[in-house]
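Worksheet: the structure to be examined is printed underneath.
The values are calculated or read from the model by the stated rules, or taken from the named source; none is laboratory data. Please read all numbers here as calculations on a predicted model, not as lab measurements. With ideal geometry, Cβ positions are generated from the backbone for all residues, glycine too; neighbour counts draw on all protein chains shown.
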Amino acid sequence: MAASRRRRILGWLVVIALLASAGEGLAQAPPTWPVVLASTGFTVPVASGIFYSHFGVTTEIGPLDIHHLRIDLDNPSVRLGVGLAHDRLMSDDETVSSMVARSGAIAGVNGDYFDIHDSGMPINILVRDGVLLRSPWRFVALGITRDGTVQVVRFRWTGTLSIPETGETRALDAYNSGIPQDGIVAITDVRGYGAPPPEPGARQTVVELSPAYELNLYVIKPDSVTPAAPGGENNRFFVKQVWPQQPFYAPFPKGELILVGRGGGADWLSRKVAVGQQIQVSLTTDPDWREYQGVIGGGPILVRDGHIVDDPDAPAPQEQDRRHPVIAIGVARDGRRLTFVEVDGRQPNFSIGLTRLELASYMQWLGAYQAMAFDSGGSATLVARLPGQPAPAVANAPSDGRERPVANALLIYSSSVPGPPIKLLVNANQPLRLYAGAAFPLSIIGLDGQGNPVPPPEPLQVSASPPLVVYGGGWVRAGATAGEGVLQVQSGNAAGTTRVSVLTHLRRLVVTPEAVNLVPGAGWMFAMAGKDEEGHYVALPDTAGAWVVTPPWLGTFSAPGAFVAGERPAIGTIRAHLGGAFAQIRVAIVNSAKPINQFDRGDWSFRGYPETVTGSVALVATPSHAHHPSAQLVFNLDGSSNRAAYMITHLAIGGTPTGVTMWVYGDESGVWLRGTYEPSSGSPGSVTFARRVTWRGWRSVTAQLPPGLAYPITWTSFHVVETDPTRSPHGVLYLSSLRAIYPQRGARKAP
């Protein structure tokens with residue numbers, strides 16, 4: 001027994017080590033992707049049989065921020081479930097993190113497309129806990145069979161109505177769906193709302209049905225009463241009332257079902273159905289939904305039998321070649337190993353998103369035998385309880401600037417009970433590679449015998465041999481001497497190690513973006529990454545590198561990476577140097593910018609998300625920039641989930657701007673500074689002005705808008721975000737001199 005337990009423990013640790021060591025980044029990429037210039041990543045356990053990975057990828061056309069959840073359904077402590085917003089099909093919808101929290105799940109992702117601006121209903125089939133809640137539509141769905149195997153399925157609705165007394169049968173058009181103008185649907189209380197009154201000139205008949213609890217429908221034994229009918233449903237009802245041309249609102253009496261007919265469906269019900277009559281309602285699909293414990297809609301299908309497919313019946317086909325935030329699930333051949341993938345998008349300085357072909361290619365590249373997408377765009381959300389977090393939280397950065405309420409979710413549960421740590425996972429089992437003088441946060445996770453993450457007991461003893469780095473306050477800092485060694489961590493009886501390297505020479509520098517067009521006086525933050533001889537990412541000091549501007553009047557650097565354009569048009573280069581390597585950036589100062597004067601009127605309001613966030617907004621005279629007043633944003637980002645403090649506004653921006661620039665008086669709070677906008681049509685978007693506000697005093701920042709927007713646009717907010725559950729920053733920022741950037745006719749781009 002002891003030997004078996006040791007083998008099981010060893011197996012878990014090997015799996016964790018392999019996943020973690022593979023998580024350094026994407027050394028290669030799918031063939032349909034843009035060229036990958038640099039990448040970093042890590043993998044950590046969420047629970048026994050559940051792993052989370054995060055990758056930051058720099059491509060030749062922009063960055064990608066990628067999140068994975070890997071699920072092993074052969075682990076007896078892991079199962080999947082389906083969440084429904086507020087337990088109603090028609091509702092104001094609910095965030096994934098809320099559904100995860102109230103269900104006791106450990107992780108979850110958003111599910112089906114839904115009627116976002118109206119009823120909130122999911123548009124495709126939904127089965128929860130073995131009960132059909134909504135009939136299918138055209139698109140594919142994810143099915144969880146009774147034995148827990150996962151399949152990608154396209155269901156076809158075959159429901160019928162039958163009158164046993166006369167033998168007449170007709171098609172039932174749908175179940176708990178919208179109400180067609182010419183047909184019949186069946187509705188239960190879980191749908192909500194009911195049937196509204198008919199439009200003028202329209203024919204409508206509502207039939208109220210009460211269940212016929214017949215004894216012969218059940219098998220009665222001394223210790224149980226079980227349904228005799230296949231699927232266990234009582235599908236016979238008595239007609240309680242017929243309501244011609246009348247509405248019928250929820251909630252319905254317990255167990256009741258209503259039929260709503262319109263047009264020809266209303267005529268059939270009024271002619272064929274009478275009070276006291278018995279009617280049989282068959283809720284059937286092909287394949288049979290009764291074979292599944294859970295089903296949730298989505299689409300399109302991306303991979304079938306290991307091959308990329310172009311779904312002939314895909315949701316929103318017009319968006320196929322556009323870059324968006326995306327979310328998908330990949331299923332192994334055995335249906336027991338799953339990979340959820342979320343890629344953020346619509347944030348040019350942070351993550352540009354993927355096209356559907358790129359997503360399909362990525363899922364195939366990851367080894368998916370079957371794969372399908374879920375509702376993407378601003379709905380794309382991945383929630384997980386990561387090591388050290390008190391509760392599940394949003395792991396990605398939704399493009400709306402906050403978590404969007406959605407119709408349903410796919411939930412991941414774990415029944416594993418954590419035990420004492422037997423091993424430490426140091427830096428996710430990845431080697432530490434630091435440039436001399438660089439500091440890096442050190443992740444130390446305890447692992448119990450089943451692979452569950454647990455807090456390591458204090459105190460932690462951290463040492464390096466040879467002493468190339470020092471540890472303090474959760475960070476390791478490299479000394480000035482190059483070399484290789486081992487970092488050792490001890491916590492009670494648990495221990496762990498990782499390799500550590502300190503470098504003073506680099507093979508390559510990667511600075512992004514490689515080219516930028518700016519307006520006079522605008523600011524831009526360049527990101528620098530270093531690589532060693534083998535192409536591995538190397539952590540760099542915050543103040544690393546020398547930046548040489550040619551010609552000198554092109555602009556200046558207020559801090560490493562923080563460029564401020566000159567005050568006149570110019571075209572030139574910036575050359576960054578560090579550790580014997582260099583990178584060159586092309587810069588053109590040719591665009592024009594126009595002040596957004598409405599900003600100076602102070603027409604703003606404050607909103608915190610969630611309720612734990614407090615703060616205020618105000619128009620102040622000081623500090624000011626270029627004689628403009630400032631917007632003061634005071635924020636207290638308390639809580640453990642993703643938090644945001646919003647300065648809500650409504651600024652109409654005319655023309656076709658390509659970006660927005662402003663001056664920000666920073667407070668060194670480290671918050672993420674973002675903005676949101678609404679195009680004249682299509683989904684809202686968000687941009688990043690600064691990934692971290694690390695400066696104090698005035699600094700110019702610029703955010704690029706994605707191509708292909710429907711103009712004109714309306715600016716809707718500026719906000720600060722904190723995603724780290726261990727941080728609760730309080731601070732104040734001042735925003736001033738807001739300008740919209742426009743391309744000049746005949747202007748040259750960066751050479």
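Being at pLDDT 95 or above and among the acidic types (Asp, Glu) is not true of residue 321. Only residues that are part of a loop (DSSP other than H, G, I, E, B), under 30 Å from residue 678 (Cβ atoms) and not polar (S, T, N, Q) were counted in the range 329-355, giving 7. If you go through the range 670-689 one residue at a time, do you hit one that is outside the structural domain of residue 386 (by TED's automatic domain parsing), part of a strand (DSSP E or B) and on the phi > 0 side of the Ramachandran plot? Within the range 670-689 (the criterion being outside the structural domain of residue 386 (by TED's automatic domain parsing), part of a strand (DSSP E or B) and on the phi > 0 side of the Ramachandran plot), the answer is no, since none of the residues qualifies. Of everything in the range 153-192 that is at pLDDT 95 or above and touching an Asp or Glu at 6+ places or on another chain (Cβ under 6 Å), the residue that is surrounded by the most Cβ atoms within 10 Å (Cβ to Cβ) is 184. Considering the range 398-433, and only residues there that are in contact with a Ser or Thr (Cβ under 7 Å, 6 or more places away or on another chain) and of a type in the set (A, V, I, L, M), the residue that is farthest from residue 97 (Cα to Cα) turns out to be 432. The single condition among (1) at pLDDT 90 or above; (2) hydroxyl-bearing (Ser, Thr, Tyr); (3) surrounded by 14 or more Cβ atoms within 10 Å (Cβ to Cβ) that residue 656 does not satisfy is (3). Here 579, 530, 566 are screened, and the one residue that is farther than 30 Å from residue 36 by Cβ and buried (at least 19 other Cβ atoms within 10 Å of the Cβ) is 566.
Taking the range 35-54, which residues are closer than 15 Å to residue 351 by Cβ and at pLDDT below 95?
Going residue by residue through the range 35-54, those that are closer than 15 Å to residue 351 by Cβ are 36-41, 54.
36, 37, 38, 39, 40, 41 - these are the residues of the range 35-54 that are closer than 15 Å to residue 351 by Cβ and at pLDDT below 95.
The number of residues in the range 131-152 being in a loop (DSSP other than H, G, I, E, B) and either surrounded by fewer than 16 Cβ atoms within 10 Å (Cβ to Cβ) or on the phi < 0 side of the Ramachandran plot (or both) comes to 9.
For the range 239-269, the set of residues classified as more than 26 Å from residue 124 (Cα to Cα) and in a strand (DSSP E or B) consists of 239, 240, 241, 242, 243, 244, listed by residue number. Residue-level analysis places residue 626 among those that are surrounded by fewer than 21 Cβ atoms within 10 Å (Cβ to Cβ), of a type in the set (Gly, Ala, Ser) and either under 31 Å from the mean Cα position of the chain (by Cα) or not assigned by TED's automatic domain parsing to the domain that holds residue 383 (or both). Among the residues of the range 193-238, those identified as modelled with pLDDT under 90, part of a loop (DSSP other than H, G, I, E, B) and among the hydrophobic types (A, V, I, L, M, F, W, C) are 212, 228, 229.
Within the range 310-320, if we keep just the residues that are out of contact with any helix residue (DSSP H, G or I) (no Cβ under 7 Å at 6 or more places or on another chain) and surrounded by fewer than 16 Cβ atoms within 10 Å (Cβ to Cβ), the residue that is nearest to residue 335 (Cα to Cα) turns out to be 310. Looking at the range 479-509, which of its residues are in a strand (DSSP E or B), more than 35 Å from the chain's Cα centre (by Cα) and small (Gly, Ala, Ser)? Of everything in the range 479-509, those that are in a strand (DSSP E or B), more than 35 Å from the chain's Cα centre (by Cα) and small (Gly, Ala, Ser) turn out to be 483, 485.
So that you can scan it fast, the table gives a plain yes or no per residue for (1) assigned to a strand (DSSP E or B); (2) in contact (Cβ under 8 Å) with a residue 12 or more places away in the chain; (3) not assigned by TED's automatic domain parsing to the domain that holds residue 84:
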position: 404; (1), (2), (3): no, yes, no
position: 409; (1), (2), (3): yes, yes, no
position: 434; (1), (2), (3): yes, yes, yes
position: 437; (1), (2), (3): no, yes, yes
position: 451; (1), (2), (3): no, yes, yes
position: 458; (1), (2), (3): no, yes, yes
position: 464; (1), (2), (3): yes, yes, yes
position: 471; (1), (2), (3): yes, yes, yes
position: 477; (1), (2), (3): yes, yes, yes
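For the range 676-686, the tally of residues that are surrounded by 23 or more Cβ atoms within 10 Å (Cβ to Cβ) and of a type outside the set (Ser, Thr, Tyr) stands at 1.
Scanning the range 404-448 for residues that are over 24 Å from the mean Cα position of the chain (by Cα) and hydroxyl-bearing (Ser, Thr, Tyr) yields a count of 3. Tallying residues that are surrounded by fewer than 24 Cβ atoms within 10 Å (Cβ to Cβ) and either within 22 Å of the chain's Cα centre (by Cα) or on the phi > 0 side of the Ramachandran plot (or both) within the range 118-130 yields 4.
Among the residues of the range 117-141, those identified as under 18 Å from residue 79 (Cβ atoms) and touching a Phe, Trp or Tyr at 6+ places or on another chain (Cβ under 8 Å) are 127, 130. Taking the range 582-609 as the range and being closer than 26 Å to residue 643 by Cα and surrounded by fewer than 17 Cβ atoms within 10 Å (Cβ to Cβ) as the test, the residues that pass are 602, 603, 605, 607. Scanning the range 732-746 turns up no residue that is out of contact with any Pro (no Cβ under 9 Å at 6 or more places or on another chain), buried (at least 20 other Cβ atoms within 10 Å of the Cβ), over 24 Å from residue 557 (Cα atoms) and not small (Gly, Ala, Ser).
For (1) in contact with a strand residue (DSSP E or B) (Cβ under 7 Å, 6 or more places away or on another chain); (2) part of a strand (DSSP E or B), each residue gets a yes or a no:
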position	(1), (2)
572	yes, yes
577	yes, yes
587	yes, yes
593	yes, yes
599	yes, no
618	yes, yes
621	yes, yes
633	yes, yes
638	no, no
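Among the residues of the range 52-80, the ones that are among the small types (Gly, Ala, Ser), farther than 23 Å from residue 643 by Cα and crowded, with 20+ Cβ neighbours inside 10 Å come to 1 in all. Looking across the range 356-374, the residues that are in a loop (DSSP other than H, G, I, E, B) and either touching an Asp or Glu at 6+ places or on another chain (Cβ under 6 Å) or surrounded by fewer than 24 Cβ atoms within 10 Å (Cβ to Cβ) (or both) come down to 366, 367, 369. Of the listed requirements (1) touching a residue at least 24 places away in the same chain (Cβ under 8 Å); (2) exposed (fewer than 14 other Cβ atoms within 10 Å of the Cβ); (3) not hydroxyl-bearing (Ser, Thr, Tyr), residue 494 misses just one: (2). In the range 542-563, of all residues being touching a Leu at 6+ places or on another chain (Cβ under 9 Å) and buried (at least 17 other Cβ atoms within 10 Å of the Cβ), the one that is farthest from residue 482 (Cα to Cα) corresponds to 555.
Of the set (1) modelled with pLDDT under 95; (2) at positive phi, all apply to residue 263 but (1). Taking the criterion of being within 42 Å of the chain's Cα centre (by Cα) and surrounded by fewer than 17 Cβ atoms within 10 Å (Cβ to Cβ), the residues of the range 194-209 that qualify are 196, 197, 199.
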